[in-house]
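Written below as structure tokens is the structure these notes are about.
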Amino acid sequence: MVDKQKYLDVIDQNASVFTDVSDKIWEYAELSLMEYKSAKLYCEVLEKEGFTVETPVAGIETAFKAIYGSGHPVIGILAEYDALTGLSQEGGATERKEVVPNGCGHGCGHNMLGAGSMAAAFAVKKYLEETKTPGTVIFYGCPGEEGGASKAFMARDNIWPELDAALTWHPGSVNQVTSGTCNTCIQVEYKFTGVASHAAGAPELGRSALDAVELMNVGVQFLREHMPDSARIHYAITDAGGNSPNVVQPHAQVLYMVRSQLAKDALALEKRVDKIAEGAALMTETTMTKRFIDGCSNTVPNKVLEMLLWKNFNEVGVPTYTEEEKEYAKKIVASYEMTNDDLPGDACDESEEIAAWVDQVSKHGTIPLNDFLVPYHFSTRQRMGSTDVGDVSWQVPTAQINVVTFASKSPGHSWQNVSTGKTSIGHKGLLTAGKVIAATAIELFENPQYIQQAKSEFETRTAGGYYCPVPKDAVPTIVGGQM
């Protein structure tokens, strides 16, 4: 067996490269499908390292592939780098301090996600280069996870079957191997067009697009009683027709997000929402047009890959922290607007044994930084969120981990996450993630039987077939019509 540590040392030797990329992406804070500077930076760094870079991918300008090696096995490492609106925040601060008023910020930690994945790709390249082992590593730049679902568009275009396995990670407040499944998610924009008129002088001549949006929303509220308990429907009015109440609004639009566990079920539920939109247009004598925005599938767990990640996570170990870092995290925890009593780690909801262990080591969930690895627990449980990693997992065996980059119980998509994402806590997390993914990929190259076992499990779990939620004629779309 090759000495994996030799290649994991590559990550420490180049740590400043990866943390610098993370910090630059943090500063760029580009929204979904607009990550032009971020994608360019990755391509430049990867080409300099000796990867062959291909861009665009699946017609998405900010998507790319960075390839090294030849032949099989082919291991994919996934990266994301989009930010979120309204989360501009000073890095390292323990209170809310916007850098740019109403600006953007990396509240989900994607600046670290991409940099940690790149660290893994660097280490695997060095391994392939020095050992002359047959095989290929591909680093995928996947934009628009927060809105755009590039991985699902890539799945529609049949990109992922070129892989034998895919590995990724996500920043978080707990160290764990993730398992289970999640919801399929479909976003559709409904635009209503009516007739403007003076709301007092000639209201009978107007046809209100805003009335149509409001009636649609009321109709969907009644639908909630008649859909599966595991389904979810959310909406946002993105155009209320203007700021003049004395004008009958001639235009209005609403963005809907429909979730259910399986893609076929989400698509069926979305068709019911379509009918409600059509009914609202009939009631108001307006016209309605719909536009598909994005969609992604539920995740397919793979126990073989998850256990391999768990093994290597144990060997690599979790980040350790200074007293200064712990004190910073303590202040971040104290700043939370909302708190909960949940124990850290997904498995705590399913295993009393794991929950008892976590309760003890986390001091009843009160420590500011979770400096332990949650025991592995395979799961098929459905969680309510969504990720376009799901579409990858329907086309190739896929697994992922969470690594601590945020303070304990940090709220998702929060200014606290943005702040911590540009600190040594975040840096330590991304470097650890890179090592775990690299070590796991090297084991797959060294032991092809793991890949065969993962594929056998994958074929069993996906026997029902893949329903891609992205229509054949859909194009990646920035919400708000900017693309």
Check your understanding: Going through the stretch 20-68, which GluC sites (Glu not before Pro) have at most 16 other Cβ atoms within 10 Å and a DSSP loop state?
Key -> Glu61
Check your understanding: How far, in degrees from 0 to 90, does helix 110-131 lean away from the longest principal axis of the Cα atoms of the chain, to the nearest 10?
Key -> 40 degrees
Practice item. Arrange the peptides 349-356, 77-84, 270-277, 316-323 so that the one whose residues have, on average, the most other Cβ atoms within 10 Å appears first. Key: 77-84, 270-277, 316-323, 349-356
Revision key, fill the gap. The long-range amide H neighbours of Leu262, using H built 1.01 Å from N in the peptide plane and a cut-off of under 5 Å, are Thr184
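Order these by the 10 Å Cβ neighbour count, fewest first: Met283, Met257, Met216, Met307.
Details: Met283 13, Met257 21, Met216 26, Met307 18.
By the 10 Å Cβ count, ascending: Met283, Met307, Met257, Met216.
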**Study point:** Inter-centroid distance (Cα atoms) of the stretch 410-442 relative to the stretch 237-251, Å
**Key:** 43 Å
Study note, to complete from the structure: The answer for Asn175, listing residues at least 5 apart or on another chain whose modeled amide H is closer than 5 Å to its amide H, is Phe372, Val374, Val404
Exercise for review: Would you mind checking the tilt of helix 36-49 against the longest principal axis of the Cα atoms of the chain, expressed as 0 to 90 degrees and rounded to 10?
Suggested key: 20 degrees
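For each of Val404, Val53, count neighbouring Cβ atoms within 10 Å of the residue's Cβ, then give the residues from fewest to most.
In increasing order of surrounding Cβ atoms, one gets Val53, Val404.
What relative contact order, as a whole-number percentage, does the stretch 184-296 give when Cα pairs under 8 Å and 6 or more residues apart are counted?
Numbers: 236 pairs, mean separation 51.6, N = 113.
Taking the mean separation of contacting Cα pairs over the length of the stretch 184-296, I get 46 percent.
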Review point. What fraction of the DSSP beta bridges in the chain is antiparallel, stated in percent and rounded to the nearest 5?
Key: 70 percent
Practice item. Would you mind checking the tilt of helix 15-28 against the longest principal axis of the Cα atoms of the chain, expressed as 0 to 90 degrees and rounded to 10? Key: 10 degrees
Point to revise | Exposure proxy order (Cβ contacts within 10 Å, fewest to most) of Ile75, Ile233, Ile437 | key: Ile233, Ile75, Ile437
**Study point:** Rounded Å value of the spacing that divides the Cα centres of the stretch 301-353 and the stretch 32-111
**Key:** 24 Å
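Each reported figure results from applying straightforward, stated rules to the coordinates on display, with no laboratory input. The model shown is predicted, which means the values in this text are computed figures rather than measured ones. Counting neighbours? That spans all protein chains shown, and the Cβs are built from the backbone with ideal geometry, glycine included.
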